[in-house]
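The values are calculated or read from the model by the stated rules, or taken from the named source; none is laboratory data. This structure is a prediction, so every number in the text was calculated from the model and none was measured. Cβ coordinates were reconstructed from backbone atoms using ideal geometry, including for glycine residues, and neighbour counts include every protein chain displayed.
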Amino acid sequence: MTSIKLGRLPGRAWALAPICLTLASCSEGPLNPQGPVGKAERLILLDATAVMLAVIVPVIVLIFAFAWWFRSGNSRARYRPDWEYSGRIEMITWSIPALIILFLGGMAWISSHDLDPPARLGSAAPLEVQVVSVDWRWIFIYPKQGIASVDRLTVPAGVPIHFRLTSTSVMNSFFIPQLGTQIYTMPGMTTQLNLLADHPGSYSGLSAQFSGEGFSDMRFEVVAVAATEFQSWVDTTHSAGGVLDRPTFEQLARPATDHAVRTYGEVTTGLFDSIVSAHVGMTHAAAQE
């Protein structure tokens with residue numbers, strides 16, 4: 001078996017190594033989107049990068065061009081110590097940044113309306129999922145199916161997902177990089193988000209907001225499956241039993257770093273709304289203090 005020592009790698013291999021590492025790091029991130037929202041956000045990122053590079057690259061080239069032209073050995077370069085103003089140069093140097101701001105501002109304005117989190121995706125009926133962030137877990141409730149899971153979100157591929165999100169303690173941030181759009185969860189408030197996974201697969205979800213000791217491990221798995229497999233999972237979850245009621249939820253809401261995946265075959269009706277309402281009262285009481 002042939003082995004290659006790192007110190008003897010050819011120059012071409014060393015040159016390609018950073019590129020390979022960069023591509024590998026993007027395999028589960030926003031640059032490898034698996035849904036329409038993620039793809040639209042990647043396009044915005046690439047367009048914004050292209051607009052900025054349209055200025056950055058010429059500036060870098062001009063730096064070297066000026067250094068070469070005004071070198072000490074170039075007799076054709078004019079030395080003008082008394083020069084202090086040029087209207088043409090001022091116009092160029094101020095108009096280019098102004099155009100960049102206009103381009104980027106226009107892109108942000110259009111995309112913020114096109115990708116508004118509460119806006120529905122397509123005309124198909126979405127899957128309703130209620131999300132509760134606790135310290136330090138993610139609880140997913142499927143109100144129409146009457147089931148729930150902890151730290152694993154199973155969804156049908158190709159079907160829009162409508163999330164309603166809240167928190168039981170501090171503000172948190174719900175983010176699935178490959179599907180797009182992070183959004184905050186806040187106690188006593190409900191936010192909305194619409195996403196869609198184009199193809200079956202497994203995608204990583206995480207908390208993008210520091211929330212204490214267990215923040216770094218506050219991750220969850222998104223499993224997109226075919227519609228028939230999703231229904232099979234729902235039936236299996238029902239059969240497995242377990243009830244997510246108020247006492248069980250209070251146990252889950254206690255700070256813990258245990259990230260074992262759990263499922264519940266029955267959920268107390270209106271549990272999510274009762275969680276939001278309970279923390280609305282706590283928020284008002286804290287504000288009055």
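Give V280, V225, V243, V261 a once-over and let me know the one that is surrounded by 12 or more Cβ atoms within 10 Å (Cβ to Cβ) and either free of Cβ contacts under 8 Å to residues at least 24 places away in the same chain or within 15 Å of S149 (Cα to Cα) (or both). Lay out the reasoning, then the answer.
Values: V280 fails: either free of Cβ contacts under 8 Å to residues at least 24 places away in the same chain or within 15 Å of S149 (Cα to Cα) (or both); V225 fails: either free of Cβ contacts under 8 Å to residues at least 24 places away in the same chain or within 15 Å of S149 (Cα to Cα) (or both); V261 fails: surrounded by 12 or more Cβ atoms within 10 Å (Cβ to Cβ).
So the residue among V280, V225, V243, V261 that is surrounded by 12 or more Cβ atoms within 10 Å (Cβ to Cβ) and either free of Cβ contacts under 8 Å to residues at least 24 places away in the same chain or within 15 Å of S149 (Cα to Cα) (or both) is V243.
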So is V51 surrounded by 10 or more Cβ atoms within 10 Å (Cβ to Cβ) and either aromatic (F, W, Y) or assigned by TED's automatic domain parsing to the domain that holds S207 (or both) or not?
no
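Results for (1) in contact with a Phe, Trp or Tyr (Cβ under 8 Å, 6 or more places away or on another chain); (2) in a strand (DSSP E or B); (3) over 15 Å from D273 (Cα atoms), shown as yes or no for each residue.
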residue: V129; (1), (2), (3): yes, yes, no
residue: T154; (1), (2), (3): yes, yes, yes
residue: F163; (1), (2), (3): yes, yes, no
residue: T166; (1), (2), (3): yes, yes, no
residue: S169; (1), (2), (3): no, no, yes
residue: L179; (1), (2), (3): yes, no, yes
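Can you say whether S211 is modelled with pLDDT under 95, in the same structural domain as R164 (by TED's automatic domain parsing) and within 20 Å of F163 (Cα to Cα), as far as the supplied structure shows?
On the way: modelled with pLDDT under 95: yes; in the same structural domain as R164 (by TED's automatic domain parsing): yes; within 20 Å of F163 (Cα to Cα): no.
In short, no.
Within the range 50-93, work out how many residues are part of a loop (DSSP other than H, G, I, E, B) and of a type outside the set (D, E).
Of all residues in the range 50-93, those part of a loop (DSSP other than H, G, I, E, B) come to 70-86.
If we keep only those that are of a type outside the set (D, E) as well, we get 70-81, 83, 85-86.
Within the range 50-93, residues that are part of a loop (DSSP other than H, G, I, E, B) and of a type outside the set (D, E) number 15.
Looking at the range 119-126, can you tell me whether even one residue there is over 19 Å from V234 (Cα atoms), out of contact with any helix residue (DSSP H, G or I) (no Cβ under 6 Å at 6 or more places or on another chain), of a type in the set (S, T, N, Q) and buried (at least 21 other Cβ atoms within 10 Å of the Cβ)?
In the first step, residues of the range 119-126 are kept if they are over 19 Å from V234 (Cα atoms); the result is 119-124.
After this cut, where a residue has to be out of contact with any helix residue (DSSP H, G or I) (no Cβ under 6 Å at 6 or more places or on another chain) as well, the list is 119-124.
Filter again for of a type in the set (S, T, N, Q), leaving 123.
Cutting the leftovers down to buried (at least 21 other Cβ atoms within 10 Å of the Cβ) gives us none.
No, the range 119-126 contains no residue that is over 19 Å from V234 (Cα atoms), out of contact with any helix residue (DSSP H, G or I) (no Cβ under 6 Å at 6 or more places or on another chain), of a type in the set (S, T, N, Q) and buried (at least 21 other Cβ atoms within 10 Å of the Cβ).
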With the checklist (1) assigned to a helix (DSSP H, G or I); (2) in the same structural domain as N172 (by TED's automatic domain parsing) in hand, flag the one item L99 doesn't pass.
(2)
Any residue in the range 177-193 that's farther than 17 Å from L206 by Cα: show its pairings with residues that are surrounded by fewer than 17 Cβ atoms within 10 Å (Cβ to Cβ) and β-branched (V, I, T) at Cβ separation under 9 Å, as long as the two are six or more apart or on different chains.
P187/V170; P187/V280; P187/T283; G188/V280; G188/T283; M189/V280; M189/T283
Kindly check whether there is at least one residue in the range 114-126 that is assigned to a helix (DSSP H, G or I), more than 30 Å from Y264 (Cβ to Cβ) and either at pLDDT 90 or above or not β-branched (V, I, T) (or both).
yes
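Taking the range 55-73 as the region of interest, how many residues are touching a Phe, Trp or Tyr at 6+ places or on another chain (Cβ under 9 Å) and either loosely packed, with under 10 Cβ neighbours inside 10 Å or closer than 30 Å to L31 by Cα (or both)? Quick ask: steps written out before the conclusion?
Of the residues in the range 55-73, the ones touching a Phe, Trp or Tyr at 6+ places or on another chain (Cβ under 9 Å) are 70.
Checking the rest, the ones that are also either loosely packed, with under 10 Cβ neighbours inside 10 Å or closer than 30 Å to L31 by Cα (or both) come to none.
Of the residues in that region, 0 qualify.
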Count - residues of the range 179-192 that are surrounded by 22 or more Cβ atoms within 10 Å (Cβ to Cβ) and touching a strand residue (DSSP E or B) at 6+ places or on another chain (Cβ under 6 Å):
2
Can you tell me which of (1) under 16 Å from the mean Cα position of the chain (by Cα); (2) surrounded by 17 or more Cβ atoms within 10 Å (Cβ to Cβ) is the one F210 doesn't meet?
(2)
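Listed here are the residues, each with its yes/no results for (1) assigned to a strand (DSSP E or B); (2) touching a Lys or Arg at 6+ places or on another chain (Cβ under 9 Å); (3) at negative phi.
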| residue | (1), (2), (3) |
| --- | --- |
| N194 | yes, yes, yes |
| H199 | no, no, yes |
| S202 | yes, no, yes |
| V222 | yes, yes, yes |
| Q231 | no, no, yes |
| D258 | no, yes, yes |
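Being without any contact (Cβ under 8 Å) to a residue 40 or more places away in the chain and more than 30 Å from S216 (Cβ to Cβ) is true for just one of G87, G146. Which residue is that?
G87
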